[in-house]
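What follows draws every value from the coordinates through simple rules; no lab data is involved. Only a predicted model underlies this, so the values are computations on that prediction, with no experimental measurement involved. FYI the Cβ positions are ideal-geometry reconstructions off the backbone, even for glycines, and counts take in every protein chain you see.
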Amino acid sequence: MNLPALAPALSIVVPLAAALVAVVAPRPRLIVAITVPVMLALTGLMVRAIWQGGPIVIEISNWQPPLGIALVADGLSAAFVLATALVVGAVLVAALARFSVASGETRAAWAFWPLAFLLWAALNAAFLSGDLFNIYVSIELMTLATLGLVALEGKPAQIAAALRYAMFALLGSLAYLLGVALIYAAHGTLDIRLLADAPLDDNATLIAAGLMTAGLAAKTALFPFHAWLPPAHAGAPPPASAMLSALVPKASFYVLLRVWFDAMPGLAGPAALQLLGALGAAAIVYGSILAVRQARLKLLVAYSTVAQIGYLFLVFPLAGGTPEPQPWTAGAWSGAVFHAVSHAFAKAAMFLAVGHVVQAAGHDRLSAMQGLSRRMPMTAFAFALAAVTLMGLPPSGGFMAKYLLLTAAFASGQTIWAIIIVLGGVLAAAYLFRPLARAFLPERGHHGTVPQRQQALPLALAALSLVLGIVAATPYAFLQIGRPEAAAEGLQ
C-alpha cells in the first residue's frame, strides 16, 4: 500500500506519537517543527489521492467489517482533517511563544503540548473512523484533552469551567454510548456503511438515534446544552481557546452528519428535523444577544460560537424528511460544511488575535481594543477579516455558506430559516461592531505590542476563511466526492 493510501492512518498515528514524545521529552519547538510539516504533507497527499481516485478505505489488519474496523476518507472527512491540520498547525506555532520550557518547566508549559497533540489525534480519528464505537472512543479522547486544556493553568474559574464541561460531556457520552449499544444489539454491526444498507425501522433504532443525537448535541453545545461552552472557551488560554472553539464542537456535529446522512437517512422524520432546526435558530438568536451584552472580548467571541453553531443545525430541516427527492438538499448539506470549516478558520484567528490584545493590554475588556489599528494593525486586520466571515459578508467562506443555506431555504419554501439566517448576520454585525469600532479610536493609556511574526498567524487563518469563499467552486466539488445519497436527494 502506497503512502497516500496510508495517509488516513498516519494522520492519527503521527500526532498520537508526538503526544507521547511530548510527555517524556518536552522539546516543543523540535516536536512542532517535525510534526506540523509532516501532518500538512500527509493531509495534502490524502486530499490529492481522494481528488484523483475517490474515497480511501483502510481495513485495519485486513479484517472486514463487522468483524474488523475501517478508516474512511472521503471529501467530507478529508475537508475536516485538512481544516484541523491548518488550524492546529498555526495554533501550535503560535503557542511556542506562550508555552516555552526554555525558561523553566511549569505545569502549563509542559502539559499543553501532549494535550494539544492528543486532541489533534482524537479529532482526526473521529473524522476518519467508519465505526460508531470507534467514533465514541475518539470523542472521549477529545473530551479528556479538552478538559486538560480548559483547566491548564489551574485557576479557580478554569477548574469550575472544566468541571461544568465534564458534566455535560459525561451525560452526552452516556447517551451516545447507550444509543450505540442499542444499535449493536439490534443489527449486530456498528459499521456506518453496513448500517446504511440495513433495515432501520425498529423501535430500538429510533430510540438509539434519539439518544445519540441528544448526546452529540450536548457535546456540540447546541442550545440549550450550551452552558458549558462560554466559560470553558473564554477561560482557557488563548491558544487552547482557538482550538477548542474552532474544532471541538465541529467534531460532534460531523458525527451527527454521519449518523443522519450516512448511517440512518431513512429514520429522519419532519418533527425531529424541525426541532433540530428550531434549536439551531434559538442558538443563533440567543447566542448573538448575549454576545452583544458582553463587556469582555473572550466572552463575546465565545458567545459568538454559540450563535454560529446554530447555523449548522439548519441543515436538518432543509434536508427534508419527505419521501420525494429534494434537489436543494445538496446545497444545504454543502453549505453547513462550508460554514463549519470557514468558522473554524475565522474563530481560531479571532481567539489568537484576542490573545494578542490581552498580552498587550493585560486584560480582555473591550477597552483593550482601543487604538489597536495603529498599535497592532496586523492583529486588527485579522480580527476584522474573521468578523467578515462570521457576519457572512462577501467574498468570505461564511458568505458562501449562508448563500447556500439561504438558497435551500427559499427553494424548499421554508422562508422562516432564511429570516433567521439574515437576522443572525445582522446580530453578528451588531456584536462585532463594538470591538471593531474601538480599534479605530485613539489609544488610551499605554499598552504593549506583540512581534509581527506572531501577529501573522491569526492573519493567515483569517485570510483562509476569506479564500474559502473566493475559490468556493473547488472545495465545493471536493466535498461531493463520496457524498452520501441522502446529502443529494434529502433525508427520507
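Worth pointing out:
- FRET efficiency, Leu40 to Val285 (Cβ-Cβ, R0 35 Å, nearest 0.05): 0.40
- GluC sites (Glu not before Pro) within segment 100-201: DSSP coil, no more than 12 neighbouring Cβ in 10 Å: Glu105
- Taking packing as the residue-averaged number of other Cβ atoms within 10 angstrom, the listed peptides 28-39, 106-117 run from highest to lowest as 106-117, 28-39.
- All other residues whose Cβ lies under 9 angstrom from that of Ile69 are scored, Lys and Arg at +1 and Asp and Glu at -1, for a net of -3.
- Residue (of Ala83, Ala236, Val36) at the positive-pole extreme of the chain, dipole from beta-carbon charges: Ala236
- Cβ-based charge dipole, the chain, positive-most Cα from Ala302, Ala19, Leu71: Ala302
- With the convex hull drawn over the C-alpha atoms of segment 1-117, the volume per residue is 113 Å³.
- Computed from Cα positions, the angle between helix 329-361 and the longest principal axis of the chain comes to roughly 20 degrees.
- Legend: ranking of residues Leu297, Leu267, Leu466 from fewest to most surrounding C-beta atoms inside 10 Å; resulting order Leu267, Leu466, Leu297.
- One chain, two ends: Ile419 and Val23. Fully extended at 0.36 nm per residue, the span grows by 137.6 nm beyond their Cα-Cα distance.
- In degrees, nearest ten, helix 28-53 long axis to first principal axis of the chain (Cα): 40 degrees
- Under the criterion of Cα pairs below 8 Å and six or more residues apart, the relative contact order for segment 268-492 equals 30 percent.
- Relative exposure of His356, His187, His363, His233, judged by other C-beta atoms within 10 Å (fewest first): His363, His187, His356, His233
- Whole-number D in µm² s⁻¹ for segment 268-492, Kirkwood Cα-pair radius fed into Stokes-Einstein, 37 °C, 0.692 mPa s: 183 µm²/s
- Check: segment 268-492 dipole with +1 on Lys, Arg Cβ and -1 on Asp, Glu Cβ, in debye: 1020 debye
- Cross-link partners for Lys402 among the lysines, with Cα-Cα distance under 27 Å and sequence neighbours closer than 8 places in the same chain left out: Lys219, Lys250, Lys298, Lys347.
- Charge dipole (the chain, unit charges on Cβ, about Cα centre) - positive-most of Ala218, Gln414, Ala456: Ala456
- Kirkwood Rh in Å, taken over segment 309-373 so that all alpha-carbon pairs contribute: 14.6 Å
- Check: segment 1-121 dipole with +1 on Lys, Arg Cβ and -1 on Asp, Glu Cβ, in debye: 360 debye
- Residues Leu195, Leu20, Leu300 arranged by fewest to most Cβ contacts within 10 Å: Leu20, Leu195, Leu300
- Only Lys, Arg (+1) and Asp, Glu (-1) charged, at Cβ; the chain dipole about Cα centre in debye: 2100 debye
- Cα long-axis angle, helix 3-24 against the chain (0 to 90 degrees, to the nearest 10): 50 degrees
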